[in-house]
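The values are calculated or read from the model by the stated rules, or taken from the named source; none is laboratory data. What you see is a predicted model; the values in this text were computed from it and never measured. Glycine also receives a Cβ, built like all others from the backbone with ideal geometry; neighbour counts cover every protein chain displayed.
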Amino acid sequence: MVYKEREYPLFSACGLNCGLCSRFYTDGASRCPGCAGEGFSEVHPPCGILSCCQRKGLEYCYDCNEFPCKKYDSWGDSDSFITHRNFLADMEKARDFGIEAYKDELNAKVRILEELLDSYNDGRRKGFYCLAVNLLDLADVEGVMERVRAEVSSLEGGSLGIDSQVALKEKAAIAVRLFGAKADEKGIVLKLRK
């Protein structure tokens, strides 16, 4: 099925944060452009939820008077490439506070994730960062990033100035440690559920 391209593919019709998915940040043929983003139909299998929304002329499932419908039965029990744990809460937040406010929050998270991927990824942390930024509240993500930047800044001129590869591994270790500690504090497991 070919879907009508959505104006904001970073937040899916079903409530997933596509802009925080590891496949959104993948290079090559398996890259997903987000929910009904440009080229979505070419790389993504048909989606019953997106088809239903587009058939009804809805942008998001929360606009439907049947939400959440039977399509969501046990849908959040496991994950795909992206966590499904917060989809219902994120949909309710978008509905209750308005989609523009939710987009602002998601865009802030996307910017932080992009910083992590650009400056703190040693090649093995993309999935971890996607999960952490997706599952933690924005205020927690921002707070952890402040601490990450401060710790890295205090090391500059020391071991970080010697070898850029060592520096990247050290920076990644700091970010992983601090995000992991915040997740533990909040009782959040930073692993996809299969």
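Things to note:
- Which numbered condition ILE49 misses (of (1) crowded, with 16+ Cβ neighbours inside 10 Å; (2) among the β-branched types (Val, Ile, Thr); (3) closer than 19 Å to LEU192 by Cα): (3)
- Taking the listed residues LEU131, LEU117, LEU113, the one that is of a type outside the set (Asp, Glu), more than 27 Å from TYR62 (Cα to Cα) and under 15 Å from the mean Cα position of the chain (by Cα) is LEU117, with no other qualifying.
- Residues considered: ASP163, ASP140. Of these, the only one that is over 17 Å from ARG125 (Cβ atoms), at pLDDT 95 or above and of a type outside the set (A, V, I, L, M) is ASP140.
- If the condition is being at pLDDT 95 or above, under 18 Å from ARG124 (Cβ atoms) and not aliphatic (A, V, I, L, M), then segment 172-194 contributes ARG177, PHE179, GLY180.
- TYR72 surrounded by 17 or more Cβ atoms within 10 Å (Cβ to Cβ), hydroxyl-bearing (Ser, Thr, Tyr) and under 20 Å from PHE24 (Cβ atoms): no
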